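Peer 1: Mind looking over this structure? Questions follow.
The values are calculated or read from the model by the stated rules, or taken from the named source; none is laboratory data. Nothing here was measured: the structure is a model prediction, and the numbers come from that model. Cβ placement follows ideal geometry from the backbone for every residue including glycine, while neighbour counts extend to all protein chains displayed. Protein only, heavy atoms only, side chains kept; ligands, DNA and RNA dropped before computing areas. Shrake-Rupley method; radii C 1.70, N 1.55, O 1.52, S 1.80 Å.
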Amino acid sequence: MTIPLRRLHIFTWLSFAIVLPVLWWSAIQAIPDPVWQELIRSPLPLALPVIVKSKQNDQWAINFRSDSMNTRCQVEVLLKKPLTSPNSTLVIYSPTMPPFEVGKLSTRGLYRFEIVCTMLLQTNVVVALEDKITQNQIIQTSF
């Protein structure tokens, strides 16, 4: 190795010793912070312990639940298959009360909604899943 080649060699290694840690530090600083994603759907409320009424078939299951003293009530809907309508609303019809829109259902899965306990204790309650855009009833069942 000649003297000019040795000088070039040591200059290259010294420049690597300075430049590489700087590049390494800047690469670590360029890593983005973790992305915090918010849920599209809010978390489900806890299921109440007593199932008062229940109906199911191969596409859905509907349970009316309450606590032991009937102070809190909820309707639980389990969609086993995807719906044919993207905009579906769960509606409860009662003979003595006006129609009560409980909530929206979109994809298959479990949904729980708080309801008024007087609806739960009545007879001839009809639960319907309606498409508000086309004004069609997708599901209708009576309890």
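Peer 1: Select from the stretch 85-99 the residues that are exposed (fewer than 15 other Cβ atoms within 10 Å of the Cβ) and either aromatic (Phe, Trp, Tyr) or over 18 Å from residue 121 (Cα atoms) (or both) and list them in ascending order.
Peer 2: In the first step, residues of the stretch 85-99 are kept if they are exposed (fewer than 15 other Cβ atoms within 10 Å of the Cβ); the result is 86-87, 95-99.
Residues satisfying the conditions are 86, 87.
Peer 1: For the stretch 52-79, what are the residues that are exposed (fewer than 13 other Cβ atoms within 10 Å of the Cβ) and under 19 Å from residue 109 (Cβ atoms)? Break it down into steps so the answer makes sense when it comes.
Peer 2: Of the stretch 52-79, the ones exposed (fewer than 13 other Cβ atoms within 10 Å of the Cβ) are 54, 56-58, 68-69, 71.
Listed by number, the residues that qualify are 54, 56, 57, 58.
Peer 1: Is the stretch 105-117 home to any residue that is of a type in the set (Val, Ile, Thr) and at pLDDT 90 or above?
Peer 2: First, pick out the residues of the stretch 105-117 that are of a type in the set (Val, Ile, Thr): 107, 115-116.
Of the ones still in play, those that are also at pLDDT 90 or above are none.
Scanning the stretch 105-117 turns up no residue that is of a type in the set (Val, Ile, Thr) and at pLDDT 90 or above.
Peer 1: Please go through (1) of a type in the set (Phe, Trp, Tyr); (2) surrounded by 13 or more Cβ atoms within 10 Å (Cβ to Cβ); (3) more than 28 Å from residue 133 (Cβ to Cβ) for residue 13 and return the number of the only condition it doesn't satisfy.
Peer 2: Only one criterion in (1) of a type in the set (Phe, Trp, Tyr); (2) surrounded by 13 or more Cβ atoms within 10 Å (Cβ to Cβ); (3) more than 28 Å from residue 133 (Cβ to Cβ) is unmet by residue 13, namely (2).
Peer 1: Let me ask you something else. Restricting to the stretch 27-42, what's the tally of residues that are open to solvent by less than 100 Å² (accessible area, probe 1.4 Å) and at pLDDT below 90?
Peer 2: Just the residues of the stretch 27-42 that are open to solvent by less than 100 Å² (accessible area, probe 1.4 Å), to begin with: 27-28, 30, 34, 42.
With at pLDDT below 90 added as a condition, the list becomes 34, 42.
Qualifying residue count, the stretch 27-42: 2.
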